[in-house]
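Beneath this line is the structure, given in structure tokens, with notes to follow.
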Amino acid sequence: MFLTSVAWVLIYRWVSPPATWLMLDRRAHAPVGLGYHGIQEDDRRIRYYFKGLDEVSAQVPLALIAAEDQRFLLHHGFDGNALWKAAQYNFNGGKKLRGGSTISQQVAKNVFLWQGRSYVRKAAEAYFTVLIELLWDKRRIMEMYLSVAEMGDCTFGVEAASQRYFHKSAAKLSRAEAALLAGVLPNPLRFRASNPGPQARAKQQRVMRNMSRLGGTVYVKELLD
């Protein structure tokens, strides 16, 4: 099992995943939940196009880092500061449980594992996080994340989301559009990228402010090259 998992991760260093467990689940079953938007009841075909960093707007990786993991380029898979802050928030009775997952952890979950909450799945997530940090570089981790992250019902990755919501390629996304797509994560079924509500707009603005503080696309591209 160890050798198989290592081989699996190594293959995906050069080969794009044909599908993920979540894609297969979404293909078979429509998600059910209060406040979900854009659910495709009849047509359950999956929109998914794997793209490299050179094939999307430079605003996209910057927006994802600004929204989800501002220490992505500094840590080695786990962000102790984020985990500690999330634990403090949850212990002090925050209104909603807050996680401290990094982009690397989310890639491990999205690409290799099933959805759900259990100690077994979290242990597997940690294991695959270590593997991808050892066997991939940050560029490949980001390419995986921007290509397979769920961004709406049956819609995975920024290329599919850009075509669905903005009717254009992800290579042509503006700063505001990239921030809006990044802002709907990790609740893409509740926060709409098309016809966004006040909460989605507020998060978009926060993401754009974080993008400015990070220093712009030149800084991110240099570290990801």
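Data for the structure
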{"read-out": "Orientation-averaged projected area, Cα convex hull of region 138-225 (nm²)", "value": "5.5"}
{"read-out": "Pairwise centroid distance, computed over Cα atoms, of region 180-216 with region 1-42, Å", "value": "23"}
{"read-out": "HN-Hα J in Hz across region 60-72 - Karplus 6.51, -1.76, 1.60, θ = phi - 60°, x for Gly and Pro", "value": "5, x, 4, 5, 5, 5, 5, 8, 10, 6, 6, 9, 3"}
{"read-out": "Interchain or long-range residues, amide H under 5 Å from ARG47's placed H", "value": "THR155, PHE156"}
{"read-out": "Solvent accessible area, Å² - GLU41, 1.4 Å probe, full protein context", "value": "130"}
{"read-out": "Neighbour net charge for GLU159 - beta-carbon separation under 9 angstrom, K R +1, D E -1", "value": "+1"}
{"read-out": "Residue-level accessible surface for TYR49, protein heavy atoms, 1.4 Å, Å²", "value": "100"}
{"read-out": "Neighbour net charge for VAL184 - beta-carbon separation under 13 angstrom, K R +1, D E -1", "value": "+2"}
{"read-out": "Highest-MSF residue in the chain out of SER118, SER194, SER101 [GNM, Cα springs under 10 Å]", "value": "SER118"}
{"read-out": "Estimated 222 nm signal from helices in the chain, with DSSP H stretches of n ≥ 4 weighted -39500 (n - 2.57), rounded to 500", "value": "-16500 deg cm²/dmol"}
{"read-out": "Isotropically averaged projected area of the chain, using the convex hull of Cα atoms (one quarter of hull area), nm²", "value": "12.4"}
{"read-out": "Order of exposure, largest accessible area first, which applies to TRP114, TRP8 with probe 1.4 Å", "value": "TRP114, TRP8"}
{"read-out": "Solvent accessible area, Å² - ILE46, 1.4 Å probe, full protein context", "value": "50"}
{"read-out": "Per DSSP, loop trypsin sites (Lys or Arg not before Pro) in region 1-68 with at most 11 further Cβ within 10 Å", "value": "ARG45"}
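The values are calculated or read from the model by the stated rules, or taken from the named source; none is laboratory data. Remember, predicted model here, so these are calculated numbers, not experimental data. So basically every Cβ, Gly included, is an ideal-geometry build from the backbone, and we count neighbours across all protein chains shown. These area figures cover heavy atoms from the full protein model, side chains too; ligands, DNA and RNA do not enter into them. Shrake-Rupley method; radii C 1.70, N 1.55, O 1.52, S 1.80 Å.
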